[in-house]
Amino acid sequence: MIKKTIPYLLFVSDCLFGIVAFLIAMRILSGAPGADVGALEVALSGLVINAGFFSFRLYNAPVLYNATQQIIKILGGVVLSVLILIAVSYFLGFRIIMDNPFLIVNYAFIGFIFTAVFRTAVAHPLYLYYVRRNIIPKNILIIGADYVGQLMAAKINLNRTNEMNVVGFLDDNLAVGLNIFKNKKVIGRLKEISKVIPEYDIDEVLYCFSNGNYVTFQEILDICNKTNTQMRIASPFFDVVSPRIQDEKVGISVTYDFYPNHSKVFNVAKRGFDIICSVAGGILLMPVFLLIAMAIKIDSRGPVLYVHTRLGKDGKPFRFYKFRSMIVDSDKDDLRKETMGKFINGHYVNDNGSTKIVDEAKVTRVGKLLRRFSIDEFPQLYNVVKGDMSLVGPRPCLPYEWNEYDEWHKKRLSVIPGCTGLWQVTGRSKVGFNDMVILDLYYIQNSSFQFDIKLIFQTLPVMMFGKGGE
């Protein structure tokens, strides 16, 4: 009961701190709290804190376990809250907020101090107090009872300060009721996971198969999303994730989080962020675009832009824009389609170890430079403004590629595709297709403003040094 109440208590406390911070900021500004502000502005000051914190996953109870990580998330949440406050105030005509930048600065500073102090000095130690007395354990279901699952159960047991309680294992190859580790038994088959999660009040699923199956993994992930259950991977089968992203620990082992899907609040805020950054970027880069256009026209015959059909969210087609980097009609290539089919099915790698499929003979002189530094992708800012794409997300695909996808592959386009993404900045042309899909799924489940901004900044050196571009 306490465990399920924690997110609601944090929501209410954060809202109150936002309102108090706003009223104090008003007093500093005018000397009379509330004298020039209405009830709607006051309520908004609390609600935007909640919206910002939702986007940084600050209402998952286990976030209280790590004080340092929590402070970083609070800082990001407050910054996002301020941006939302400014945007809403502009559209609703709240002049008291728009005309007083010091009010906004004071509100952000005071709100950060209040929430950070409460969560780290009060909520954090109180949470640990209940955890260490096993009053609010996190119930863990381990998928796979082979040596990886057994090892994880042992390590969780050894870490006495960990809030995790292993309730049992799901495994198709061992007898139900078989004792695996310290009275932790096989409690069912994989197909029973939908029933087991509510029956045992499972908070987190820990995927531990040593030699798993992509389709099984996706099915379990879908069930976790439907039941709002966090999933973690601790499996050598998904080694593509481990060297490339920030990791966390369960017990003393490295694991990788797959959180439940985002709220609509995050999606709306992400869309606003995309529009603002794309419009600003397009204006700033306009002189560069003109120079690139001139170079393309001088170098080879044909249009400046390459316009083609791509498939976006849920396989829906849209018009996709790039600077042309190859000769005209180079996309009419049956050999490339055949090769792409082999790549998707895991049967293609270049002699240099790259998985990038490019006919170098069809790339123009200017195109080689554009492709190496990913400059040819810049016109996709227009796709972002239109809503076809996001700044960060899985890359869109071609129609004939979609036809080669297995059903679990198509999950990578369950969200709006992006100009850059996790595999572009970590593997790019060295990552196989199945690994690319896993990285995309990891991004989808873990996307946040903090993660998006990190990937955008990681994209810059990839572009500047041409790493993986072909």
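Some observations on this one:
- Among the residues listed as 196, 148, 176, 122, the single one being in a helix (DSSP H, G or I), over 30 Å from residue 9 (Cβ atoms), out of contact with any Asp or Glu (no Cβ under 9 Å at 6 or more places or on another chain) and not small (Gly, Ala, Ser): 148
- Residue 174 being without any contact (Cβ under 8 Å) to a residue 40 or more places away in the chain and of a type in the set (A, V, I, L, M, F, W, C): yes
- Those helices (runs of 4 or more DSSP H) of the range 411-470 in which at least 3 residues are surrounded by fewer than 20 Cβ atoms within 10 Å (Cβ to Cβ), among the hydrophobic types (A, V, I, L, M, F, W, C) and modelled with pLDDT of 85 or more, considering only elements entirely within it, cover 449-464.
- Of all residues making up the range 257-287, the number that are in contact (Cβ under 8 Å) with a residue 60 or more places away in the chain and open to solvent by 60 Å² or more (accessible area, probe 1.4 Å): 5
- Check on residue 301, touching a residue at least 12 places away in the same chain (Cβ under 8 Å) and not in a helix (DSSP H, G or I): yes
- When residue 64 is tested against (1) modelled with pLDDT under 85; (2) farther than 22 Å from residue 257 by Cβ, exactly one condition is not met: (2).
- Pick from the range 1-19, criterion open to solvent by 60 Å² or more (accessible area, probe 1.4 Å) and either touching a helix residue (DSSP H, G or I) at 6+ places or on another chain (Cβ under 9 Å) or at pLDDT 85 or above (or both), ranking: nearest to residue 111 (Cα to Cα): 16
- Yes/no for residue 40 being surrounded by fewer than 17 Cβ atoms within 10 Å (Cβ to Cβ) and part of a helix (DSSP H, G or I): yes
- Between 23, 80, the distinction of being within 24 Å of residue 270 (Cβ to Cβ) and modelled with pLDDT of 85 or more belongs to 80 only.
- Options 359, 333, 329, 314; residue that is at pLDDT below 90, open to solvent by 80 Å² or more (accessible area, probe 1.4 Å) and either under 31 Å from the mean Cα position of the chain (by Cα) or of a type outside the set (Gly, Ala, Ser) (or both): 329
The values are calculated or read from the model by the stated rules, or taken from the named source; none is laboratory data. Quick caveat: nothing in here was measured; it's all calculated off a predicted structure. Quick reminder, even Gly has a Cβ in these numbers, built from the backbone with ideal geometry, and neighbours come from all protein chains shown. In case anyone asks, the SASA skips ligands and DNA or RNA and just uses the protein heavy atoms, side chains included. Shrake-Rupley method; radii C 1.70, N 1.55, O 1.52, S 1.80 Å.
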